[in-house]
Amino acid sequence: MELFSTLDGQKEKGLMSAINVIVAPDSFKGSLRSTEAARAIKEGILAAAERRGVEAHIRTVPMADGGEGTVDAILSAFGGRRLSLKVMDPLGRKIDSFFGLLADQDRTAVIELAAASGLNLIRAEERNPLLTTTYGTGELIRAALDEGSRKIIIGIGGSATSDGGAGMAQALGARLLDSGGQEIRLGGGALGRLARIDLTGLDPGIKLARVIVASDVRNVLYGPDGAAAVYGPQKGASPEMVATLDRNLKHFADVVEHDLGTKVADLPGAGAAGGAGAGLVALLGAELQSGIDIIMDLAQLDAMLPDADLLITGEGATDFQTAYGKVPFGLAQAAKPYGVPVFCISGSLGKEYQTLYDHGITAFFSIINRPMTLEEAMQHASALLTAAAENACGAFLARKYAKK
């Protein structure tokens, strides 16, 4: 199998030397999807290679870490189709949503929690994690099961919720009951009334499916590093609401342990998506994995790296948080055993990005090539990214083919 594509016509132009380059960017949030970023970087590499008289073999593998763009990245890399349906948004309104379905033996479904329960779906003044629910994400999972999926990958970045995944489980037939035997209402504010969990009505398809959660968040469920304390404010929670949500998530963990025998309180990643990580594990038997690891595995990146001369990645903003499992970090870790240099091209280089040198990234480049506003940079992100990739690849080629 040929792993790297070649620029048509280069051999006929007499280009003798060659390089193999893996292009694997994340999305540049607000401006470029990962597929668009990969295309822009590829154009820059081809321009630099042609100027230098080098044949460029390029493999584009759009990346994602479990947030927005995960479905598009996986469909772009592996093929499949995007299915549309109406589901409940975080506040209970019907919206148009989607999920991806791969044409593999397991009919693998790819779901973004953000497509049904995302912060991007509600206005700033509507944000209230006491009320918002993951019910719509459960509807996406149910639709995937109805399509015969036996493997479901769920990216849980960008949520508007802090309900522990309770709404999602309710959409799949689980009963979350109060002390009077009545179903608790939707939203994180209702978890404090939970007295019993009944999974007898859970969609039977879930028992036949392997559910994998893609997330780069390692927070525990509650406490100072928990879902409510760390992420509640950005979802609209006041300090008083954070305290309520934190108590409710602790109560949820206690009921889960009592009724289901599953301990989720201290599980790394349980606090992802307002505790949806905990709910997926406890209620649906899901596995928590790094989002970037899932996509690298699907893409069979290990098969490409032995023959690669260079890996170019990128993201909207690179700083010390990138080392917490984001795309450039994951790729650098994968490339290190093969000695493949990793270039990271970013919209901006922020606080302590230099710490990533210690994690395997060889060089950093910003797309900003002159003074400009953020709006201007986002508007022209594709052209700026192509120019930055051309400069980065040009520097690599100049060193690789420097006269001894």
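Please treat every number below as a calculation from the coordinates, not as lab data. Quick caveat: nothing in here was measured; it's all calculated off a predicted structure. No Cβ is skipped: glycine too gets one built from the backbone with ideal geometry, and neighbour counts run over all protein chains shown.
Relative to the longest principal Cα axis of the chain, at what angle does helix 135-146 sit, 0 to 90 degrees, rounded to 10?
Taking Cα atoms only, the helix is inclined about 70 degrees.
Is there a pair in K151/K235; K151/K250; K235/K326 whose C-alpha atoms are over 26 Å apart, and which pairs would that be? Each step should come with its number before you reach the end.
On the way: K151/K235 30 Å; K151/K250 30 Å; K235/K326 21 Å.
From K151/K235; K151/K250; K235/K326, over 26 Å: K151/K235; K151/K250.
How far apart, in nanometres, would the label points at K263 and A398 be if each is projected 7 angstrom from Cα along the Cα-to-Cβ direction?
5.7
Label points 7 Å out from Cα along the Cβ direction at D307 and Q234: separation in nm?
So the label points at D307 and Q234 sit 3.9 nm apart.
Top mean-square fluctuation among A273, A227, A335, Gaussian network model of the chain, C-alpha springs under 10 Å?
Top of the fluctuation ranking is A335.
Which of T161, T386, T355 moves most in a GNM of the chain, Cα contacts under 10 Å?
Comparing T161, T386, T355 in a Gaussian network model of the chain, the most mobile one is T355.
How much length is gained if the chain between R81 and A243 is pulled fully straight, taking 0.36 nm per residue apart and subtracting their Cα-Cα distance, in nm to one decimal?
Values: separation 162, 0.36 × 162 = 58.32 nm, distance 4.23 nm.
Here the segment from R81 to A243 would lengthen by 54.1 nm.
Taking Cα pairs under 8 Å and at least six residues apart, what relative contact order does the chain come out at, in percent? Intermediate values should be presented prior to the final figure.
Working: 985 pairs, mean separation 70.3, N = 404.
For the chain, the relative contact order is 17 percent.
Nearest 10 degrees is fine. How inclined is helix 381-400 to the longest principal axis of the chain, computing both from alpha carbons?
Roughly 50 degrees, rounded to the nearest 10.
Need the C-alpha centroid separation for the range 169-233 versus the range 287-309, integer Å.
Between the Cα centre of the range 169-233 and that of the range 287-309, the gap is 30 Å.
Between beta-carbons, use under 9 Å as the cut-off and find the net charge around E390, counting Lys and Arg +1, Asp and Glu -1.
Once positives and negatives cancel, what remains is 0.
Can you say what percent of the DSSP beta bridges in the chain, counting only those with both residues inside, are antiparallel? Round to 5. Walk me through the intermediate numbers first.
Values: 18 of 51 bridges.
If I count the DSSP bridges inside the chain, around 35 percent turn out antiparallel.
How far, in degrees from 0 to 90, does helix 239-260 lean away from the longest principal axis of the Cα atoms of the chain, to the nearest 10?
With rounding to tens, the tilt is 80 degrees.
Taking the Cβ of L356 as the centre, find all other residues whose Cβ is under 13 Å away and add up their charges (Lys, Arg: +1; Asp, Glu: -1). Could you put the intermediate results ahead of the total?
On the way: positive: K326, K336, K351; negative: E315, D319, E352, D358.
Counting the neighbours of L356, the net charge comes to -1.
Working out 0.36 nm times the residue gap between L202 and D104, then minus their Cα-Cα distance, what length gain in nm do you get to one decimal?
My answer for the length gained is 32.7 nm.
Show me the chymotrypsin sites (Phe, Trp or Tyr not before Pro) within the range 77-140 that DSSP assigns to loop and that have at most 15 other Cβ atoms within 10 Å of their Cβ. Let's see the in-between values first.
On the way: sites: F78, F98, F99, Y135; in loops: none.
The qualifying sites: there are none.
Quote to one decimal, in nm, the extra length available between T362 and D96 on full extension: 0.36 nm per residue of separation minus the C-alpha distance between them. Let's see the in-between values first.
Details: separation 266, 0.36 × 266 = 95.76 nm, distance 4.20 nm.
Value of the extension gain: 91.6 nm.
For each of D65, D266, D89, D319, count neighbouring Cβ atoms within 10 Å of the residue's Cβ, then give the residues from fewest to most. Don't jump to the answer; show the numbers that get you there.
On the way: D65 30, D266 11, D89 23, D319 18.
Final ranking by Cβ density, sparse to dense: D266, D319, D89, D65.
Give the shape of the range 291-404 as rounded, prolate or oblate, defined through the alpha-carbon gyration tensor: a ≥ b ≥ c are the square roots of its eigenvalues, a/c under 1.5 means rounded, and otherwise the shape is prolate if a/b is larger than b/c and oblate if not.
Numbers: a/c = 1.75, a/b = 1.22, b/c = 1.44.
Oblate, since a/c reaches 1.5 and b/c is not below a/b.
With a/c under 1.5 counting as rounded, go ahead and sort the range 163-225 into rounded, prolate or oblate using the C-alpha gyration tensor (a ≥ b ≥ c being the square roots of the eigenvalues; past the cut-off, prolate if a/b is larger than b/c, else oblate).
Verdict is oblate for the range 163-225.
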